[in-house]
1. What range in the chain is the longest one free of trypsin sites (Lys or Arg not before Pro) that are in a loop by DSSP and have at most 16 other Cβ atoms within 10 angstrom?
2. Determine the gain in length on full extension of the stretch Asn137-Ile20; use 0.36 nm per residue of separation and subtract their C-alpha separation, reporting nm with one decimal.
3. Calculate for the chain the 222 nm mean residue ellipticity that helices alone would give, adding -39,500 (n - 2.57) per DSSP H run of length 4 or more and normalising by residue count, nearest 500 deg cm²/dmol.
4. Hey, rough spin-label estimate for Ala101 and Thr13, points 7 angstrom out along Cα→Cβ, what's it come to in nanometres?
5. For region 1-100, what's the relative contact order in percent, using C-alpha pairs closer than 8 Å and at least 6 residues apart?
6. Please give the length that would be gained between Ala73 and Tyr163 if that part of the chain were fully extended, namely 0.36 nm times their separation in residues minus their C-alpha to C-alpha distance (nm, one decimal).
7. Which value, in Å² rounded to 10, gives the accessible area of Phe60 with a 1.4 Å probe and all protein chains present?
8. Set Lys and Arg Cβ to +1 and Asp and Glu Cβ to -1, take the dipole of the chain about its Cα centre, and tell me which of Ile50, Pro128, Cys62 lies farthest positive.
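The values are calculated or read from the model by the stated rules, or taken from the named source; none is laboratory data. Quick caveat: nothing in here was measured; it's all calculated off a predicted structure. Positions of Cβ are backbone-derived with ideal geometry, glycine not excepted, and every protein chain shown enters the neighbour counts. To get the accessible areas, we keep the full protein, side chains included, count just its heavy atoms, and leave off ligands, DNA and RNA. Shrake-Rupley method; radii C 1.70, N 1.55, O 1.52, S 1.80 Å.
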Amino acid sequence: MWTNLFRFWISVTGRPAAWIVSVVFILVGAVITIFLPPMVEPSRDRETIIVLLRLLGGVFFCLGVAVFLWMLADWYLGRVDSPLRERWFWWGNFLAGMISAGLFSIPATLMFPAMLAAYLLRPNALFPNDQTDVANNLWVGAIFSVFGTLGLGMMYLVGRDYYRNRPRPLHHARATKRERSP
């Protein structure tokens, strides 16, 4: 009884999940781009922070719009009863997943080198003066870089396995190994 009280997980997969992801990415991108920049406090690096926030929000927004357009095309293929619909959905899901994972992994991998460069070019927003606890800031960058590198490795492993199991044309699925080999 108590386990059901704290259970709030709703399992959404497949096409409904893709629609939800597209809308959530569009909303997150719009919030980051429109509502966060005015909240940045005046400082020497205010303009740089605003540009970075708008860039981050724009990336989320563009990815959400791309997934939304992909789902509209998938909906159209379903309406015309196209045999390509399953492959279209698979490729869109694969590419959107790889791009989304890369949007975290690639910048995270570069976090330590970026923070080290910011330290060497101090004073700035990350390292305002010489009293800043440099070791803690650089450790945070190193931890992000480690997780980003692990994320890139997982992208490769999962993507490779997922790609091997992609849907294929019907004539390919029926062909025996001997018929496919030269």
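1. On the way: sites that count: Arg7, Arg44.
It runs 45-182.
2. Contour length minus the Cα-Cα distance gives 38.6 nm.
3. Value at 222 nm, helices only: -24000 deg cm²/dmol.
4. About 1.7 nm, to one decimal.
5. That works out to 31 percent.
6. Details: separation 90, 0.36 × 90 = 32.40 nm, distance 2.15 nm.
So the chain would gain 30.2 nm between Ala73 and Tyr163.
7. Approximately 60 Å² of Phe60 is accessible to the 1.4 Å probe.
8. My answer, from the dipole projection, is Cys62.
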